[in-house]
Amino acid sequence: ADAPKIELRASDVWDDDYPTVRALRNMGELLSQRTNGRITLKVFSGGALGSEKETIEQVKGGTLDMVRVNISAMNNTCPITIVPALPFLFRSVDHMHKALDGAPGEEILRSCEPQGYVGLAYYDSGARSIYAKKPVRSLADTKGMKIRVQPSDMWVSVANAMGANATPLAFGEVYTALKTGLTDAAENNIPSYEGTKHYEVVKYYSKTEHSMAPEVVMFSAKKWATLSKADQALIREAAKSSVTQNRKYWSDREAQSLAKVTAAGSVIVSDVDKKSFADAMAPVYAKFVTTDQAKALVKAIQDFKEAPAAAPAKK
Amino acid sequence: MALTVLAIVFALLLILGVPVVFAIGLSSVAAFVASSGGLDMLVPNLNTMFNTMIGDSGMNKLAFLAIPFFIFAGELMIYGGMADKIVNFAKAAVGHVRGGLGMSNVVACTLFGGISGSAVADVSAMGSVLIPIMKKEGYDADYAVNVTTHAALVGVLTPTSLNIILFTLAAGGKVSILDMIYAGIIPAILLTACNLAAAYLVARKRGYPRGEWPGWAIVARSFAAALPGLMVIVIILFCITAGICTATESASIAVVWALFLSAVVYRSLTVEQFIAACAKAAKTTGTVLTLIGISAVFGYLLAINEVPTMAGEWMSHISTNPFVIFFLVNIILFVLGTFLDMAPTILICTPIFMPICAKFGMDPVQFGIVMLLNCALGLNTPPVGTTQFVGCAIGEISVGQVMKTILPFYGSLTATMMLITYIPALSMWLPNLVRSFAVG
Amino acid sequence: MYTRLCATLSKLSLQLAAIGLMLILLCMLYMVIGRYVFNDMPAWAERLALLLTLYVTLLSTAVSVRDAGHIGLESFLVLAPDWLRLKLEYVIHGLLIVFGALMLYFGTTLAISYWGETIPTLEWAPDGLRRIPVALCGGLMILFSIEHIIALVKGTEVEPSWH
Ligand code: NA
Ligand code: NA
């Protein structure tokens, strides 16, 4: 007997050539290859179905099957997801990959299940850094600076911990605001710094690398329950495989964006005293890491070692 | 299936006379019923519908707050007597030309359009002063109404325009409001020139009277009186360009300025009038923002049924020549504009046609100006022609009578639109110039 | 009696909407002034303004249903003969009741299901607060549309209660 055809729909707010969207399409290709076209995945890019917040609501209700959002978008729904977004939690991209691929990452995704989400994978979002009209080398440089951050409690508190003023601005107004000097700085990863054309108006991209809040791929638990065990496994597999592709797309894109912004005259500031920032983040941790579960998770992630060779040495 | 239901129910409800906002709402409900196949999915679908309406795609955007405030500032200016001062200046400056009141009307409407947020507000403010005067002086009602309603359309392109805000939002943050404001200036001047030409030619043909030249002193004095009101344009541009505030916040500054002028400088605003302005602004906010919210649902339904992709493919099948594509887009926008009001047209069509035009080399900013002009044309085209309705109501004349002599005015608008569509520099030169200054 | 109730509710809604608009204005001005005078640009002011916008918008939307203030295609209705037009008006108000009922139901259930989440940067405010105006608007729309139907039966007009 033929299993029924399954047509899945996924949403992403980024444009077609963004690494997350490409990875989702890659996942769709894998699915349809491995099922001879029985399971297909249609990706709605560019926020056609709504913002990250709106689309996670749709996934919860089951009107949308899958979504790629930044983990920050899940913070209100499953509070433990705030952990991987915490400032200076990961020491390096490698550290982040290891921790999220391991038990801590598993635990965070599972925490969303009671809320109606089956977490399938983490995608790369690189490290977020501050860009401004002047270089930022240490905590002293952000004192009194007006920084545009995402409108969430944690990001406002991170900006405050840096001694900066969090400027709440709609995304579309940031370019003009940076140009006119309404705000001094913004923060994001290199591809976004390039994609938003913010590099045209502010020249100094200082590698503060203050957060590595990853992207997540969430599947609707409601839809999940209607799928056979075999299909669930197929979808999980495809999502996992697309992670490898995503990391490749991401590093390619980062290199491209970096080349583009430096060619346009941007200065990448690498000698940043990250410790001065990290040390100032205690109030953020005190405010947002309150439950035992969160504390244990933070510790588990910090204990993860990035270089595999280092792990046995400690034991 | 869902799309067919959406289209048919929407058309039926419109013909039935259901207000547009509820016609969109109810037809969306019908489309969800058709696509859900049972209560099991209908409930979550309708949850999505109402979440979208009040969500980030719908009303929940800070920039929309500029809309109530530009409306409010406009109301305060009307109650505060700024409208009369602008009319006086316009009459003094161009009243002596043949068909002088017609010319004055164009100038006054254009200037007031710069300080009011919407073409409808412009027509109601200027029209209620000028149309009765014109009729008394022997001008035909159809001429008076056509001149007013077309001159009011210029306001769609000038700084306080609600529609510029709507467009930048519909463009998904890819277009800066400031760029749009600068891009609109030359087209606004061009459209005004075309309006003046049309008003003059018709006036000459019909042999309308000319007024008397009042002398430079009177012109200067009336200009000085109108200047504080007009200053709001300068204040807005200055505040945004100098980084004092965002475009959204500039609207609240416009309110403070209007309040300051009417209540403190001219002392012509009573408490009752202030409350009336508040209530009027609140009501218009309701009408406009609910329409925006519900249009987002419409947009969601179009997106999930892949209309934008289909439209793009269909158009590139027809032609790969940019000239043809742009022309086609103009025609489609015009047809939709006859049935829909400006806000829903912008919100629904931008995500569909902007990418297509961009593919054929049109800058999103230029596309925005083309779109605004096209929707403006729709404001004066029945069956849903909001400014035209208001103008006709003031002029006490039927839409049919006005339509009989509308051609010269349509001509001026269409000519401007073609120029803007095919000569990018008209809209792009100024914003590019400003940008090059800012970065250097 | 019923008309008096509706008139009062409509006036009250519009008054609240007007007050809300003033509060939004204060929020926005605070954002500008806060930036220059207090060197502080509070994120809450923005979110509060957005929350208030929903109340202002949806309350006055309901009032506009009572005052017949929404933009429609009335030109077609004018062409219809009187007997047909009257019947169509019943249908229109009936449809508005249907839509109002949907808004009331979904506004209420959504408000309940989002009560546990808070609005970002407004820690005191449950996200459900953003759904209440939908329900309020729906409820008022039902009341006002019934009033219109009664007026049609009686052959009277609904008088706008405030401005
Ligand atoms: Na304007
Ligand atoms: Na029209």
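The values are calculated or read from the model by the stated rules, or taken from the named source; none is laboratory data. Here the structure is a predicted model, which means the values were calculated and not measured. Note: ideal-geometry Cβ built from the backbone for every residue, glycine included; neighbour counts use all protein chains shown. To get the accessible areas, we keep the full protein, side chains included, count just its heavy atoms, and leave off ligands, DNA and RNA. Shrake-Rupley method; radii C 1.70, N 1.55, O 1.52, S 1.80 Å.
Please work out if B:Thr350 is surrounded by fewer than 21 Cβ atoms within 10 Å (Cβ to Cβ), closer than 22 Å to B:Leu162 by Cβ and touching a residue at least 12 places away in the same chain (Cβ under 8 Å).
Details: surrounded by fewer than 21 Cβ atoms within 10 Å (Cβ to Cβ): no; closer than 22 Å to B:Leu162 by Cβ: yes; touching a residue at least 12 places away in the same chain (Cβ under 8 Å): yes.
In short, no.
Can you confirm whether B:Met418 is surrounded by fewer than 17 Cβ atoms within 10 Å (Cβ to Cβ), out of contact with any Ser or Thr (no Cβ under 6 Å at 6 or more places or on another chain) and assigned by TED's automatic domain parsing to the domain that holds B:Ala121? Criteria met by B:Met418. Checked against (1) touching a residue at least 24 places away in the same chain (Cβ under 8 Å); (2) farther than 20 Å from B:Pro308 by Cα, A:Gly50 passes all but condition (2). Looking at the stretch A:176-264, the helices (runs of 4 or more DSSP H) lying wholly inside it that each contain 2 or more residues that are closer than 30 Å to A:Ala3 by Cβ sit at A:221-224, A:229-263. Can you find, within the stretch B:232-251, the residue that is nearest to C:Val32 (Cα to Cα) among those that are surrounded by fewer than 16 Cβ atoms within 10 Å (Cβ to Cβ) and more than 10 Å from every other protein chain (Cβ to nearest Cβ)? Applying the filter and picking the extreme gives B:Phe238.
Consider C:Ala68 carefully, then state whether it is part of a loop (DSSP other than H, G, I, E, B) and touching a residue at least 24 places away in the same chain (Cβ under 8 Å). So C:Ala68 fits the description; yes.
Only residues that are farther than 21 Å from B:Glu306 by Cα and crowded, with 24+ Cβ neighbours inside 10 Å were counted in the stretch B:326-339, giving 1.
Yes or no, residue by residue, for (1) within 16 Å of ligand 2 (Cβ to nearest atom); (2) open to solvent by less than 10 Å² (accessible area, probe 1.4 Å); (3) in a loop (DSSP other than H, G, I, E, B); (4) away from every other protein chain (no Cβ under 14 Å):
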| residue | (1), (2), (3), (4) |
| --- | --- |
| B:Met59 | no, yes, yes, no |
| B:Leu65 | no, yes, no, no |
| B:Phe72 | no, yes, no, no |
| B:Ile86 | no, yes, no, yes |
| B:Ala90 | no, yes, no, yes |
| B:His96 | no, no, yes, yes |
| B:Met103 | no, no, no, yes |
| B:Ala108 | no, yes, no, yes |
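So that you can scan it fast, the table gives a plain yes or no per residue for (1) under 14 Å from B:Ala282 (Cβ atoms); (2) at pLDDT 90 or above; (3) within 7 Å of chain B (Cβ to nearest Cβ):
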{"position": "C:Ile19", "(1), (2), (3)": "yes, yes, no"}
{"position": "C:Gly34", "(1), (2), (3)": "no, no, no"}
{"position": "C:Met41", "(1), (2), (3)": "no, no, no"}
{"position": "C:Leu51", "(1), (2), (3)": "no, yes, no"}
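Check whether at least one residue in the stretch A:213-221 is under 23 Å from A:Val13 (Cβ atoms), surrounded by fewer than 23 Cβ atoms within 10 Å (Cβ to Cβ) and either within 14 Å of chain B (Cβ to nearest Cβ) or small (Gly, Ala, Ser) (or both), and report yes or no. Yes, because at least one residue in the stretch A:213-221 is under 23 Å from A:Val13 (Cβ atoms), surrounded by fewer than 23 Cβ atoms within 10 Å (Cβ to Cβ) and either within 14 Å of chain B (Cβ to nearest Cβ) or small (Gly, Ala, Ser) (or both).
Contact map, the stretch B:287-303: first residue within 12 Å of chain A (Cβ to nearest Cβ), second residue outside any helix (DSSP H, G or I) and of a type in the set (D, E, K, R), Cβ cut-off under 8 Å, separation 6 or more or different chains; the map is empty. For the stretch B:272-304, enumerate the residues that are open to solvent by 20 Å² or more (accessible area, probe 1.4 Å) and farther than 18 Å from A:Glu54 by Cα. Those that are open to solvent by 20 Å² or more (accessible area, probe 1.4 Å) and farther than 18 Å from A:Glu54 by Cα: B:Glu272, B:Gln273, B:Phe274, B:Ile275, B:Lys280, B:Lys283, B:Thr284, B:Thr287, B:Val288. For B:Ala263, indicate whether it is touching a residue at least 12 places away in the same chain (Cβ under 8 Å), facing chain C (nearest Cβ under 9 Å) and more than 23 Å from A:Asp12 (Cα to Cα). Taking the combined requirement at face value, the residue does not satisfy it. Taking only the stretch C:21-32 into account, find how many residues are open to solvent by 50 Å² or more (accessible area, probe 1.4 Å) and either within 11 Å of chain B (Cβ to nearest Cβ) or closer than 20 Å to C:Glu157 by Cα (or both). Selection size over the stretch C:21-32: 2. Of the residues B:Gln388, B:Gln401, the single one that is buried (at least 18 other Cβ atoms within 10 Å of the Cβ) and away from ligand 1 (no atom under 16 Å from the Cβ) is B:Gln388.
Looking at the stretch A:1-103, what helices (runs of 4 or more DSSP H) fall wholly within it and have at least 2 residues that are away from every other protein chain (no Cβ under 12 Å)?
Details: elements: A:19-34, A:52-61, A:93-101.
Where helices (runs of 4 or more DSSP H) fall fully within the stretch A:1-103 and carry at least 2 residues being away from every other protein chain (no Cβ under 12 Å), they are A:19-34, A:93-101.
Looking at B:Gly229, is it surrounded by 17 or more Cβ atoms within 10 Å (Cβ to Cβ) and under 28 Å from B:Ala258 (Cβ atoms)? Against the criterion (surrounded by 17 or more Cβ atoms within 10 Å (Cβ to Cβ) and under 28 Å from B:Ala258 (Cβ atoms)), B:Gly229 qualifies.
Just to verify a result, which residue in the stretch B:334-374, among those that are within 14 Å of chain C (Cβ to nearest Cβ) and within 16 Å of ligand 1 (Cβ to nearest atom), is farthest from C:Leu79 (Cα to Cα)? Going through the qualifying residues, I end up with B:Ala343.
Keeping to the stretch B:133-157, report how many residues are in contact (Cβ under 8 Å) with a residue 40 or more places away in the chain, away from ligand 2 (no atom under 16 Å from the Cβ) and of a type outside the set (Phe, Trp, Tyr). Steps first, please.
Filtering the stretch B:133-157 for residues in contact (Cβ under 8 Å) with a residue 40 or more places away in the chain gives B:135, B:137-157.
If we keep only those that are away from ligand 2 (no atom under 16 Å from the Cβ) as well, we get B:135, B:137-144, B:147-148, B:151, B:154-155, B:157.
Restricting the remaining residues to those that are of a type outside the set (Phe, Trp, Tyr) gives B:135, B:137-138, B:140-142, B:144, B:147-148, B:151, B:154-155, B:157.
So the count comes out to 13.
Selection over the stretch B:345-387 of residues that are more than 15 Å from ligand 2 (Cβ to nearest atom) and assigned to a helix (DSSP H, G or I) gives a count of 18. The residue of the stretch B:110-123 that is nearest to the chain's Cα centre (by Cα), among those that are open to solvent by 10 Å² or more (accessible area, probe 1.4 Å) and closer than 17 Å to B:Ile67 by Cβ, is B:Ser118.
Entry remark, the stretch B:210-244: residues being outside any helix (DSSP H, G or I) and touching a residue at least 12 places away in the same chain (Cβ under 8 Å) number 5 in total. Determine, yes or no, whether B:Phe326 is part of a helix (DSSP H, G or I), of a type in the set (Phe, Trp, Tyr) and under 25 Å from B:Thr110 (Cα atoms). Spelling it out, it is not the case that B:Phe326 is part of a helix (DSSP H, G or I), of a type in the set (Phe, Trp, Tyr) and under 25 Å from B:Thr110 (Cα atoms). Checking the stretch A:192-202 against the condition returns no match, with no residue being at pLDDT 95 or above and within 14 Å of another protein chain (Cβ to nearest Cβ). Only one entry in B:Ala198, B:Ala193, B:Ala254 is more than 10 Å from every other protein chain (Cβ to nearest Cβ), in contact with a Phe, Trp or Tyr (Cβ under 7 Å, 6 or more places away or on another chain) and at pLDDT 90 or above, namely B:Ala198. Filtering C:Leu50, C:Leu143, C:Leu54 for residues that are open to solvent by 30 Å² or more (accessible area, probe 1.4 Å) and part of a helix (DSSP H, G or I) leaves a single hit, C:Leu143. Checking each residue of the stretch A:56-63 against the condition of being open to solvent by less than 10 Å² (accessible area, probe 1.4 Å) and without any contact (Cβ under 8 Å) to a residue 24 or more places away in the chain gives at least one match.
Can we say B:Leu413 is within 16 Å of ligand 1 (Cβ to nearest atom), open to solvent by less than 10 Å² (accessible area, probe 1.4 Å) and farther than 27 Å from C:Leu79 by Cβ? Break it down stepwise before answering.
Numbers: within 16 Å of ligand 1 (Cβ to nearest atom): no; open to solvent by less than 10 Å² (accessible area, probe 1.4 Å): yes; farther than 27 Å from C:Leu79 by Cβ: yes.
Considered against the rule, which asks whether it is within 16 Å of ligand 1 (Cβ to nearest atom), open to solvent by less than 10 Å² (accessible area, probe 1.4 Å) and farther than 27 Å from C:Leu79 by Cβ, B:Leu413 comes out as no.
Is there a residue being of a type outside the set (Lys, Arg) and under 30 Å from A:Lys5 (Cβ atoms) anywhere in the stretch A:94-110? Yes - at least one qualifying residue is present in the stretch A:94-110.
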